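> Below you will find the structure I want to go over with you.
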Amino acid sequence: MDLNPVEAKADLRRRMRMLRKGLAAGRTEASEAAAALAPLALWRSCPIVAGYEPLEAEIDPGPLLRRLAAAGARIVLPVVVARGAPLKFRESVATGELTPDSAGIPAPPPTAPEAVPDLIITPLLAFDRAGGRLGQGGGYYDRTLRSLRSRRPVLAVGLAYAGQEVARLPMGPHDQTLDAILTEMAYIEV
């Protein structure tokens, strides 16, 4: 029996969570390797960069964000303000103080300045070479990218372990594609 697209994505999410957990085990060097492969020269026109706080077994963007900050980028982090709404982005505070947002995810406090990113580094469960991205299922990055891209260009780069690549992801009409993928093995432009 064939699964409908929603069931297919849910099944793929379950499988990819387990796979990602295995890929992350003992792979602390993957974050550093990915950061070293980041094409900073291509991203010079992106002064405001959004990263994320890694959850579960997501690859840690910390080394990449530190490298971008050292190159002059202003770093912001996503904040869930309401279910079904696009993400907001707040400046990463120097103290590193994070508070739970409305989804319980660590984020900069409400007192941190907001900014609109030019480059968004996104976490993901799976990706394909056509720029397909499978997220956690809340649609936050899709809504955010759609909203931002309706106003101006925004570069979206998925950060992942190379083993998270799949041949083809099921994509819906509301899914936003990535412009590139950065792994510990390569930088892949779409």
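> Using mean Cβ contacts within 10 Å as the protection proxy, how do 166-177, 75-86 order, highest first?
Numbers: 166-177: 14.3, 75-86: 17.4.
Output ranking for 166-177, 75-86: 75-86, 166-177.
> Using a 7 Å offset from the Cα along the Cα-to-Cβ direction at both residue 167 and residue 6, what is the distance between the two label points in nm, to one decimal?
2.7 nm
> So, one more: Report the normalised scattering of the chain as log10 I(q)/I(0) at q = 0.11, 0.15, 0.19 Å⁻¹, calculated by the Debye formula with identical scatterers on the alpha carbons.
Relative scattering, expressed as log10 I(q)/I(0), comes to -0.46, -0.89, -1.49.
> Arranged from highest to lowest average of other beta-carbon atoms within 10 Å per residue, in what order do the peptides 25-32, 60-67 appear?
Peptide ranking by packing, descending: 60-67, 25-32.
> Let me ask something else about it. So, counting K/R as plus one and D/E as minus one, what does the shell of residues with Cβ under 11 Å around residue 114 add up to?
Once positives and negatives cancel, what remains is +1.
> Rounded to the nearest 5, what % of the DSSP beta bridges within the range 1-152 are antiparallel ones?
65 percent
> Stokes-Einstein D for the range 120-190 at 25 °C, 0.890 mPa s, Kirkwood Rh over Cα pairs, in µm²/s?
It comes out at roughly 203 µm²/s.
> In whole percent, what relative contact order does the range 119-190 give with Cα contacts below 8 Å and a gap of six or more residues?
40 percent
> Computed from the mean reciprocal separation of all distinct C-alpha pairs, what Kirkwood hydrodynamic radius does the range 14-79 have, in Å?
Hydrodynamic radius (Kirkwood, Cα only) of the range 14-79 equals 12.9 Å.
> If you don't mind, another one. Could you please rank 151, 146, 44, 20, placing first whichever residue has the fewest other Cβ atoms within 10 Å of its Cβ?
With the sparsest Cβ surroundings first, the list reads 151, 44, 146, 20.
> Would you work out the charge dipole size for the range 5-189 about its Cα centre, treating the Cβ of every Lys and Arg as +1 and the Cβ of every Asp and Glu as -1, and quote it to the nearest 20 debye? Walk me through the intermediate numbers first.
On the way: 23 positive and 20 negative charges, 82 e Å.
Here the range 5-189 has a charge dipole of around 400 debye.
> Continuing with the same structure: If packing is taken as the average count of other Cβ atoms within 10 Å, what order do 129-139, 4-14 fall into, highest mean first?
129-139, 4-14
> Also, quick follow-up: Which is farthest toward the positive dipole end of the range 5-189 among 158, 148, 116, measuring Cα position about the Cα centre, with Cβ charges +1 (Lys, Arg) and -1 (Asp, Glu)?
The residue sitting farthest along the positive end of the dipole is 148.
Each reported figure results from applying straightforward, stated rules to the coordinates on display, with no laboratory input. Model, not experiment: these values are computed from the prediction. Quick reminder, even Gly has a Cβ in these numbers, built from the backbone with ideal geometry, and neighbours come from all protein chains shown.
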